[in-house]
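Undergrad: Below you'll find the structure I mean.
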Amino acid sequence: MTNGWVDIKNADVILAMGGNPAENHPVGFKWFMEARRGRGAKLVAVDPRFTRTAAVADFYAPIRPGSDIAFLLGIIRYAIETKRFHEDYVKLHTNASYIIGDKYDFKVEDGLFSGFDPEKKEYDKANWAYAADDATRAYNVDPTLSNERCVFQLLRKHVERYTPEMVERICGTPKATFLKVAEMVTSTGNAEKVGTITYALGWTQHSTGVQIIRAAAMLQLLLGNVGRPGGGVNAFRGHSNIQGATDMAGTFEIIPGYLKTPTGPMQSLAQYNEATTPTTLNKVAWPSMNYWQNTPKFMVSLLKAMWGDKATADNEFGYSWLPKIDGNYSWLYIFDDMYRGTSKRAGGDEPGPEGFISFGMNPVGTGPNSKKMVAALAKLKWLVVVENVETETAQFWKAPAEYEGPPPGQIQTEVYLLPASSFAEKDGTFTNSARWLQWKWRATDPPGQAKADQEILGRLVLAVRDLYKKDGGKFPDPVLNVSWSYANPANPDLSDVLKEINGKALADLPDPKDPTKVARPAGQQLNGFGELRDDGTTMCGNWLHSGVFTEAGNNAQRRSTADPTGLGMFHQWAFAWPANRRVMYNRASADASGAPWDPRRVGIKWNGQAWVGDVPDIKPDSPPGQFGAFIMNPEGVGRLFSASLNDGPFPEHYEAVEAPIDNPLHPKTTSNPVSKRFSSDKDKYGKREEFPIVCTTYRLTEHFHYWTQHHHAGKLNEIQPGFFIEVPEALAQQKGITNGSQIKLRSARGEIQGVAMVTKRLPSLKIDGKDVWQIGFPIHWGFAGDKGHTGPLANMLTPSAMDANTWTPEYKAFLVQLEKA
């Protein structure tokens, strides 16, 4: 979230799209209701179903799953054509005025941006560069926004196709309904009002997921809503610590603090720094702080945290011990290698994985194309599952016959289930959607032989290190040199781990303003990432979290409800990264002189000597005009045009990999041309002729996710006793299906069966001139657990198709056929 849960109460308009917060985030949803009660805010819900959120919204609009980009670009077009955007903000805080180089183009008839390689199915992003002065390294800009090659005019041209009529044709949203949403949302395109956009997995789990979110960010930049209290683009995480896991490198392409994982060509630390540290180019209006220029400080401090005294300047602080990637190691690629038995990365054929550690993850339940997940695990020599329950992954060989796994007697995989503690049985921190690191205290001890995560990891580290000491190995250095100097190495105290993540001085740190003075004595905890050095005199496990455990103590444990701002920032409650800032990019909450756009909702403001309010995202004493608001971008401004994504500098509507129609905008290129998919015999993709119905998945309040106590006898089964499939009334009549009867759903990958819930909540939509049905079902069941409460895995039906940037599977839009059981 750019802002936070509590900050939603400061909004005038809330667009809830790509999520159903009343159902899936019921506690956080109270801030929506607070905005309505306290400010008279308007809540707009856009969703394929009439959900619990829609039921309390001021306005509801239906939409076809997977068509969100067309809807959002339609609103952007509306904002530009009706001049309902915040022009002063756009000129000051975005790259709208920046001139794009001559190589950029978009071929409307082909649906392709310039630089597309049809063989590799990749773009050469060099074609999307800014036009810059080679001598001064400055971007060319047009402050009037009239140059046909400036971002604003290119955006205007790009979205001109997304008329209300085209939105209706693609999304199925009636024209009048769409225009009402556009009018309500763009009412915040000024200094006096502010709006927020909230979303969840209904946006991320598409083959165009990142670009959907980009479209929302662009809309908010046009309206001047980023960086302001009550504004922003706010992602609702599905678990209490998903944000924290991502911060600490939950995916293969990053290491802690969102630093880039080294690749094969980056053989030295100098090569890594050169390749990953952006150059500040903007010297036109005001220079960018370009905070990623500090990458060498972040990286060296991380290496010191990992290898301690063994990491020295002579060995590049142990950089050679850090793994280098040679391809895509997202988990669906790993499972594809597992199933095939080979890996084709770096141009060669290598053996696939022999073993797999599944730590707090249930890939058989959560992965798309469940049959492939089961078949892949059956080819391993060993599997370790660390869980507090026996999930489908832990007993994959028991999968029912419809999963088409080999007979148990033919499976050679040796499975180890390590019982782990639940969240209430260990201390530590949760980092919530609002980026707040909040300490939690253990409520009870784990039962039986169950161990806390840190003990399982600690004992594994020590055991593996002892094996390397005893037997040697091909590359023992990373393991033998790892810093593991906790008081109890077999079961580290998580307070000590948090101190390490925060970082400390390893030598006396001189004061930058007066080198004769010591700013931070050796051994002290750092006060924040501004103290990090690239010479080995500081260590820090994650630069973003630096400041969470200072000499003042564990700031994640703070619980003060003092709120001098009156906006719900609560700076003395827990710790928010970065730097305890509650609203990111908050310099954009003020105009060029430092005065807040809205004096009633002050993010930060310049008082003549310093910035006051929230923790400023620029230097507190830097006067207005010295730095741009978007400090992480080399330009210093928000990007309406961005050359950093793999599938285009602007969002473009592409159909899901399985689509009910050809793309009305460019039938030659219906789906995302660079989305990822697989080609094994288990990877099948449906055609609309056989599977004409659009399907989506969702969660229920009563069951939360795949594995809660609903798999065992208990209260949750009384509240929501079993699996069901929602079917529109008219479709049910057409198929002769009655409420409560058994029905089957088939996709190209498999079949599931459940109870029909005949409903008015899913309307039929007119898509490109024809009636298209949409249905949905919840994701919570599986074949493990109490046999009285098992049900089909939702992902028996979903395809192995992924977003081109994050490799997130397309769970939210696929094709099925419906019939009586």
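The values are calculated or read from the model by the stated rules, or taken from the named source; none is laboratory data. Quick caveat, the model's predicted, so the values are computed rather than measured. Because the Cβ atoms are built from the backbone with ideal geometry, glycine has one as well, and the counts that use them run over all protein chains shown. Note: accessible area is taken over every heavy atom of the protein model, side chains too, but ligands, DNA and RNA are not part of it. Shrake-Rupley method; radii C 1.70, N 1.55, O 1.52, S 1.80 Å.
Undergrad: Suppose the filter is closer than 26 Å to residue 548 by Cβ and either aliphatic (A, V, I, L, M) or modelled with pLDDT of 95 or more (or both); does residue 452 pass it? Don't jump to the end; show me each part of the working.
TA: Working: closer than 26 Å to residue 548 by Cβ: yes; either aliphatic (A, V, I, L, M) or modelled with pLDDT of 95 or more (or both): yes.
So residue 452 passes the test.
Undergrad: Would a scan of the range 757-768 turn up a residue that is closer than 30 Å to residue 650 by Cβ and among the small types (Gly, Ala, Ser)?
TA: No, that holds for no residue.
Undergrad: Being over 23 Å from residue 416 (Cα atoms) and touching a strand residue (DSSP E or B) at 6+ places or on another chain (Cβ under 8 Å) is the requirement here; does residue 434 meet it?
TA: Values: over 23 Å from residue 416 (Cα atoms): yes; touching a strand residue (DSSP E or B) at 6+ places or on another chain (Cβ under 8 Å): yes.
Yes.
Undergrad: Determine if the range 234-248 includes at least one residue that is surrounded by fewer than 16 Cβ atoms within 10 Å (Cβ to Cβ) and not in a loop (DSSP other than H, G, I, E, B).
TA: Looking through the range 234-248, at least one residue is surrounded by fewer than 16 Cβ atoms within 10 Å (Cβ to Cβ) and not in a loop (DSSP other than H, G, I, E, B).
Undergrad: Taking residue 394 as the residue in question, decide whether it is under 22 Å from residue 786 (Cα atoms), touching a residue at least 24 places away in the same chain (Cβ under 8 Å), in a loop (DSSP other than H, G, I, E, B) and open to solvent by less than 20 Å² (accessible area, probe 1.4 Å). Even if it seems obvious, please write down each step before you answer.
TA: Values: under 22 Å from residue 786 (Cα atoms): yes; touching a residue at least 24 places away in the same chain (Cβ under 8 Å): yes; in a loop (DSSP other than H, G, I, E, B): yes; open to solvent by less than 20 Å² (accessible area, probe 1.4 Å): yes.
Spelling it out, residue 394 is indeed under 22 Å from residue 786 (Cα atoms), touching a residue at least 24 places away in the same chain (Cβ under 8 Å), in a loop (DSSP other than H, G, I, E, B) and open to solvent by less than 20 Å² (accessible area, probe 1.4 Å).
Undergrad: So which of 465, 459 is open to solvent by less than 50 Å² (accessible area, probe 1.4 Å), assigned to a helix (DSSP H, G or I) and closer than 24 Å to residue 419 by Cα?
TA: Working: 459 fails: open to solvent by less than 50 Å² (accessible area, probe 1.4 Å).
465 is the lone residue from the list that is open to solvent by less than 50 Å² (accessible area, probe 1.4 Å), assigned to a helix (DSSP H, G or I) and closer than 24 Å to residue 419 by Cα.
Undergrad: A follow-up question, please. Of the residues that make up the range 474-485, is at least one loosely packed, with under 15 Cβ neighbours inside 10 Å, without any contact (Cβ under 8 Å) to a residue 60 or more places away in the chain and out of contact with any helix residue (DSSP H, G or I) (no Cβ under 8 Å at 6 or more places or on another chain)?
TA: Yes: the range 474-485 contains one or more residues that are loosely packed, with under 15 Cβ neighbours inside 10 Å, without any contact (Cβ under 8 Å) to a residue 60 or more places away in the chain and out of contact with any helix residue (DSSP H, G or I) (no Cβ under 8 Å at 6 or more places or on another chain).
Undergrad: In the range 249-271, which residues are more than 20 Å from residue 432 (Cα to Cα) and assigned to a loop (DSSP other than H, G, I, E, B)? Before the answer, list the steps.
TA: Looking only at the range 249-271, we keep the residues that are more than 20 Å from residue 432 (Cα to Cα), and these are 252-253, 259-271.
252, 253, 261, 262, 264, 265, 266, 267, 268 - these are the residues of the range 249-271 that are more than 20 Å from residue 432 (Cα to Cα) and assigned to a loop (DSSP other than H, G, I, E, B).
Undergrad: Of the conditions (1) buried (at least 17 other Cβ atoms within 10 Å of the Cβ); (2) over 30 Å from residue 403 (Cα atoms), residue 336 clears all except one; give me its number.
TA: (2)
Undergrad: Let me ask something else about it. When only residues in the range 318-331 that are assigned to a helix (DSSP H, G or I) and either out of contact with any helix residue (DSSP H, G or I) (no Cβ under 9 Å at 6 or more places or on another chain) or open to solvent by 20 Å² or more (accessible area, probe 1.4 Å) (or both) count, which is nearest to residue 241 (Cα to Cα)?
TA: Of the range 318-331, the ones assigned to a helix (DSSP H, G or I) are 318-321, 331.
Still in the running and either out of contact with any helix residue (DSSP H, G or I) (no Cβ under 9 Å at 6 or more places or on another chain) or open to solvent by 20 Å² or more (accessible area, probe 1.4 Å) (or both): 320-321, 331.
Values: 320: 31, 321: 29, 331: 19 Å.
Looking at residues that are assigned to a helix (DSSP H, G or I) and either out of contact with any helix residue (DSSP H, G or I) (no Cβ under 9 Å at 6 or more places or on another chain) or open to solvent by 20 Å² or more (accessible area, probe 1.4 Å) (or both), I get 331.
Undergrad: Filter the range 745-760 down to the residues that are open to solvent by less than 50 Å² (accessible area, probe 1.4 Å), more than 16 Å from residue 783 (Cβ to Cβ), part of a strand (DSSP E or B) and in contact (Cβ under 8 Å) with a residue 40 or more places away in the chain and list them by number.
TA: 745
Undergrad: Please find, within the range 675-714, the residue that is modelled with the lowest pLDDT out of those that are surrounded by fewer than 17 Cβ atoms within 10 Å (Cβ to Cβ) and within 18 Å of residue 19 (Cβ to Cβ).
TA: That would be 705.
Undergrad: Go through (1) surrounded by fewer than 19 Cβ atoms within 10 Å (Cβ to Cβ); (2) under 26 Å from residue 258 (Cβ atoms); (3) within 27 Å of the chain's Cα centre (by Cα) one by one and return the number of the condition residue 302 breaks.
TA: Residue 302 satisfies all of (1) surrounded by fewer than 19 Cβ atoms within 10 Å (Cβ to Cβ); (2) under 26 Å from residue 258 (Cβ atoms); (3) within 27 Å of the chain's Cα centre (by Cα) except (1).
Undergrad: Taking residue 29 as the residue in question, decide whether it is open to solvent by 10 Å² or more (accessible area, probe 1.4 Å) and either among the polar types (S, T, N, Q) or farther than 19 Å from residue 242 by Cβ (or both).
TA: The answer is no for residue 29.
Undergrad: A further question on this structure: Quick check on my filter: what residues within the range 495-524 are within 36 Å of the chain's Cα centre (by Cα), open to solvent by 40 Å² or more (accessible area, probe 1.4 Å) and of a type in the set (A, V, I, L, M, F, W, C)?
TA: Answer for the range 495-524, where residues must be within 36 Å of the chain's Cα centre (by Cα), open to solvent by 40 Å² or more (accessible area, probe 1.4 Å) and of a type in the set (A, V, I, L, M, F, W, C): just 506.
Undergrad: Next question, about the same structure. Report yes if residue 123 is in contact with a helix residue (DSSP H, G or I) (Cβ under 9 Å, 6 or more places away or on another chain), at pLDDT 95 or above and either at negative phi or surrounded by fewer than 18 Cβ atoms within 10 Å (Cβ to Cβ) (or both), otherwise no. Even if it seems obvious, please write down each step before you answer.
TA: On the way: in contact with a helix residue (DSSP H, G or I) (Cβ under 9 Å, 6 or more places away or on another chain): no; at pLDDT 95 or above: yes; either at negative phi or surrounded by fewer than 18 Cβ atoms within 10 Å (Cβ to Cβ) (or both): yes.
No; evaluated as a whole, the condition is false for this residue.
Undergrad: Another one. Please count how many residues of the range 381-391 are touching a helix residue (DSSP H, G or I) at 6+ places or on another chain (Cβ under 7 Å) and open to solvent by 80 Å² or more (accessible area, probe 1.4 Å).
TA: Of the residues in the range 381-391, 0 are touching a helix residue (DSSP H, G or I) at 6+ places or on another chain (Cβ under 7 Å) and open to solvent by 80 Å² or more (accessible area, probe 1.4 Å).
Undergrad: Can I ask one more? Here are some conditions: (1) without any contact (Cβ under 8 Å) to a residue 40 or more places away in the chain; (2) closer than 22 Å to residue 243 by Cβ; (3) outside any loop (DSSP other than H, G, I, E, B). Residue 605 meets all but one. Which one does it not meet?
TA: The number of the failed condition is (2).
Undergrad: So, one more: Looking at residue 352, is it within 17 Å of residue 331 (Cβ to Cβ), of a type in the set (Gly, Ala, Ser) and open to solvent by 50 Å² or more (accessible area, probe 1.4 Å)? Full working, then the answer.
TA: On the way: within 17 Å of residue 331 (Cβ to Cβ): yes; of a type in the set (Gly, Ala, Ser): yes; open to solvent by 50 Å² or more (accessible area, probe 1.4 Å): no.
Here the answer is no, as residue 352 does not meet what is asked.
Okay, residues lined up against (1) within 23 Å of the chain's Cα centre (by Cα); (2) open to solvent by less than 50 Å² (accessible area, probe 1.4 Å):
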{"site": "528", "(1), (2)": "no, yes"}
{"site": "534", "(1), (2)": "no, no"}
{"site": "542", "(1), (2)": "yes, yes"}
{"site": "557", "(1), (2)": "no, no"}
{"site": "561", "(1), (2)": "no, no"}
{"site": "590", "(1), (2)": "no, yes"}
{"site": "601", "(1), (2)": "no, yes"}
{"site": "606", "(1), (2)": "no, no"}
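Undergrad: Same structure, new question: Among the candidates 434, 378, single out the residue that is open to solvent by less than 10 Å² (accessible area, probe 1.4 Å) and touching a Phe, Trp or Tyr at 6+ places or on another chain (Cβ under 8 Å).
TA: 434
Undergrad: Another question, if that's okay. Going by the structure shown, is residue 636 at pLDDT 95 or above and either surrounded by 20 or more Cβ atoms within 10 Å (Cβ to Cβ) or over 22 Å from residue 543 (Cα atoms) (or both)? So that I can check it myself, show each step before the final result.
TA: Values: at pLDDT 95 or above: no; either surrounded by 20 or more Cβ atoms within 10 Å (Cβ to Cβ) or over 22 Å from residue 543 (Cα atoms) (or both): yes.
No: the conditions fail for residue 636.
Undergrad: A further question on this structure: Go through the range 723-744 and give me each residue that's over 30 Å from residue 399 (Cβ atoms) and either part of a strand (DSSP E or B) or open to solvent by 10 Å² or more (accessible area, probe 1.4 Å) (or both).
TA: Taking the range 723-744 first, the residues over 30 Å from residue 399 (Cβ atoms) are 728-734, 736, 738-739.
Within the range 723-744, 728, 729, 730, 733, 734, 736, 738, 739 qualify.
Undergrad: Which strands (runs of 3 or more DSSP E) does the range 762-821 wholly contain that include 2 or more residues that are touching a Lys or Arg at 6+ places or on another chain (Cβ under 6 Å) and open to solvent by 10 Å² or more (accessible area, probe 1.4 Å)? I'd like the intermediate steps shown before the answer.
TA: Working: elements: 765-767, 770-772, 774-778, 814-820.
Passing ranges, in order: 814-820.
Undergrad: Let me ask another. Can you tell me how many residues in the range 476-499 are over 17 Å from residue 317 (Cα atoms) and either of a type outside the set (Ser, Thr, Tyr) or at pLDDT below 95 (or both)? Before you say what the answer is, go through the steps one by one.
TA: Going residue by residue through the range 476-499, those that are over 17 Å from residue 317 (Cα atoms) are 485-499.
Add one more test, that the residue is either of a type outside the set (Ser, Thr, Tyr) or at pLDDT below 95 (or both), and what stays is 485, 487-494, 496-499.
Number of matching residues: 13.
Undergrad: Would you mind telling me which numbered condition in (1) open to solvent by less than 10 Å² (accessible area, probe 1.4 Å); (2) under 24 Å from residue 128 (Cα atoms) residue 186 fails?
TA: (2)
Undergrad: Also: Please determine whether any residue of the range 405-419 is open to solvent by less than 50 Å² (accessible area, probe 1.4 Å), under 30 Å from residue 792 (Cβ atoms) and touching a residue at least 60 places away in the same chain (Cβ under 8 Å).
TA: no
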